[in-house]
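K.L.:
Before I ask anything, here is the structure I am working with.
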Amino acid sequence: MYNHPFAGSNFSGALGIGIGTHNLYNNSLPTTDSTGSTVFVPIEDINYRRSKITLTYLDFPIEFRYKSKDKFRLAIGFKAGVNISSHMKYKGDELSGILEEIKIKSYNLRNLEDWRYGVTAAIGYKFINMVFFYSLSQVFEKGRGPELYPISIGISLRPF
């Protein structure tokens with residue numbers, strides 16, 4: 001992000017570009033029902049190690065920032081992103097029970113929203129910050145899949 005300080009104050013604005021991902025772990029597999037909607041079928045009586053959906057976005061964030069003289073930081077903002085990649089990954093016993101273990105990676109996920117947008121916040125001291133993102137948009141198109149609103153919480157390093 002490019003930081004633009006406001007003259008003579010502890011406040012600044014920032015614009016940027018970045019890559020963001022969501023790993024949605026679950027105990028089910030996505031499939032398409034007879035209406036063309038995405039539904040999740042629970043994995044039952046099968047040993048598996050991983051079942052997840054990964055969504056990758058090209059993000060465009062904007063933030064309003066405060067940085068005190070003793071290096072306390074606070075930021076609130078917004079970001080929008082376009083989906084550039086998505087896939088489902090399964091690793092575990094074969095679903096019909098014929099094979100012991102299989103790996104499936106499918107890039108053919110249907111009914112995903114092309115765009116995401118949501119609010120961001122960060123709080124920290126010096127260069128270590130806790131960051132937060134709450135998506136205001138759903139993962140799947142309205143009425144074409146479950147209502148999922150991803151939330152991300154993490155740590156960021158901001159040396160500037």
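K.L.:
Do we have any residue at all in the range 59-73 that's surrounded by 13 or more Cβ atoms within 10 Å (Cβ to Cβ), of a type in the set (V, I, T) and within 21 Å of S96 (Cα to Cα)?
P.N.:
No: the range 59-73 contains no residue that is surrounded by 13 or more Cβ atoms within 10 Å (Cβ to Cβ), of a type in the set (V, I, T) and within 21 Å of S96 (Cα to Cα).
K.L.:
I'd like the full set of residues that are surrounded by fewer than 14 Cβ atoms within 10 Å (Cβ to Cβ) and either modelled with pLDDT of 95 or more or assigned to a strand (DSSP E or B) (or both), limited to the range 105-122.
P.N.:
K105, S106, D114, W115, V119
K.L.:
If I ask for residues that are over 17 Å from L15 (Cα atoms) and of a type outside the set (S, T, Y), which ones from the range 67-81 would you list?
P.N.:
Once the filter is applied, which keeps residues that are over 17 Å from L15 (Cα atoms) and of a type outside the set (S, T, Y), the range 67-81 yields K69, D70, K71, F72.
K.L.:
Go through I46, I62, I53, I19 for me and flag whichever is in contact with a Leu (Cβ under 7 Å, 6 or more places away or on another chain), touching a residue at least 40 places away in the same chain (Cβ under 8 Å), farther than 24 Å from S135 by Cα and of a type in the set (V, I, T).
P.N.:
I46
K.L.:
Determine whether the range 76-99 contains at least one residue that is of a type in the set (A, V, I, L, M, F, W, C), more than 29 Å from S28 (Cα to Cα) and exposed (fewer than 13 other Cβ atoms within 10 Å of the Cβ).
P.N.:
Checked the range 76-99: no residue is of a type in the set (A, V, I, L, M, F, W, C), more than 29 Å from S28 (Cα to Cα) and exposed (fewer than 13 other Cβ atoms within 10 Å of the Cβ).
K.L.:
Can you find a residue in the range 18-33 that is more than 23 Å from I98 (Cβ to Cβ) and assigned to a loop (DSSP other than H, G, I, E, B)?
P.N.:
yes
K.L.:
May I ask you to list the residues in the range 123-160 that are surrounded by 17 or more Cβ atoms within 10 Å (Cβ to Cβ) and farther than 21 Å from V82 by Cα?
P.N.:
G124, N129, R158, listed by residue number.
The values are calculated or read from the model by the stated rules, or taken from the named source; none is laboratory data. The structure presented is a predicted model; accordingly, all values stated were derived computationally and were not measured. Glycine gets a Cβ as well: all are built from the backbone with ideal geometry, and neighbour counts include every protein chain shown.
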